[in-house]
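A short worksheet on the structure shown next.
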Amino acid sequence: MSKKAVQKALIIDDDEINNFICIKNMRDSGFAEQAAYCLRGDEGLRQLADALENNPENLPDVIFLDINMPLMNAWQFLDRYVELKERFPKEIHLFILSSSVYRKDIEKSARYDVVTDYIIKPLSKESLRQIQEKYFS
């Protein structure tokens, strides 16, 4: 990919190794100019709220959200995110990024209008290419 798909990507996942791999694949594939991560859902919400209040251009263009995290899982995050999203000055594509292949999780994610798609881990260069082609071309 020679063209950058997004300026900023945010990964919300408690698995630091997965986050490192995701960021490396985003950089190597040219998917995002900047990529960062949070280890907890509540931390991700705080970052989004802070950017919204203080510097909206720091809002990510893409969020990759893991389902199973301590303290706040993806469903709890999404319930709070829905309220916050109404105030965002731009569209943010939110992808569930999970190792879960349970139909129940996939179907539940589809019930959230704010979820763009469900991606099975790992986030590979090929899956990033497919996301770029489907949502950013």
### Query
How about the range 56-78: which of its residues are of a type in the set (D, E, K, R) and surrounded by fewer than 18 Cβ atoms within 10 Å (Cβ to Cβ)?
E57
### Query
Of the residues in the range 12-32, how many are within 21 Å of Q47 (Cβ to Cβ) and either among the aromatic types (F, W, Y) or touching a helix residue (DSSP H, G or I) at 6+ places or on another chain (Cβ under 7 Å) (or both)?
6
#### Entry: Residue list for the range 1-36, restricted to those being under 19 Å from S100 (Cβ atoms) and assigned to a strand (DSSP E or B)
I11, I12
#### Entry: Filtered residues of the range 44-55 (kept if surrounded by fewer than 16 Cβ atoms within 10 Å (Cβ to Cβ) and either in a helix (DSSP H, G or I) or on the phi > 0 side of the Ramachandran plot (or both))
R46, A49, D50, E53, N54
### Message
Being of a type outside the set (S, T, Y), more than 23 Å from F20 (Cβ to Cβ) and out of contact with any Gly (no Cβ under 7 Å at 6 or more places or on another chain) is the requirement here; does D105 meet it?
### Response
yes
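Output the residues belonging to the range 78-115 that are among the polar types (S, T, N, Q) and at pLDDT 95 or above.
Let us first name the residues in the range 78-115 that are among the polar types (S, T, N, Q), namely 98-100, 109.
Of everything in the range 78-115, just one residue is among the polar types (S, T, N, Q) and at pLDDT 95 or above, namely S109.
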#### Entry: the range 109-127 residues that are under 22 Å from N25 (Cα atoms) and in contact (Cβ under 8 Å) with a residue 12 or more places away in the chain, paired with ones that are surrounded by fewer than 18 Cβ atoms within 10 Å (Cβ to Cβ) and among the hydrophobic types (A, V, I, L, M, F, W, C) (beta carbon under 8 Å, 6 or more apart)
Y118/I106; Y118/A110; I120/V101; P122/I21; L123/I21
### Query
If you check Y118, Y81, Y102, Y37, which single one turns out to be in contact with a strand residue (DSSP E or B) (Cβ under 9 Å, 6 or more places away or on another chain) and surrounded by fewer than 19 Cβ atoms within 10 Å (Cβ to Cβ)?
Y118
### Query
of a type outside the set (A, V, I, L, M, F, W, C), modelled with pLDDT of 95 or more and closer than 23 Å to I17 by Cβ: does that describe Y118?
yes
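The values are calculated or read from the model by the stated rules, or taken from the named source; none is laboratory data. In this text, all values refer to a predicted model and were calculated from it rather than measured experimentally. Quick reminder, even Gly has a Cβ in these numbers, built from the backbone with ideal geometry, and neighbours come from all protein chains shown.
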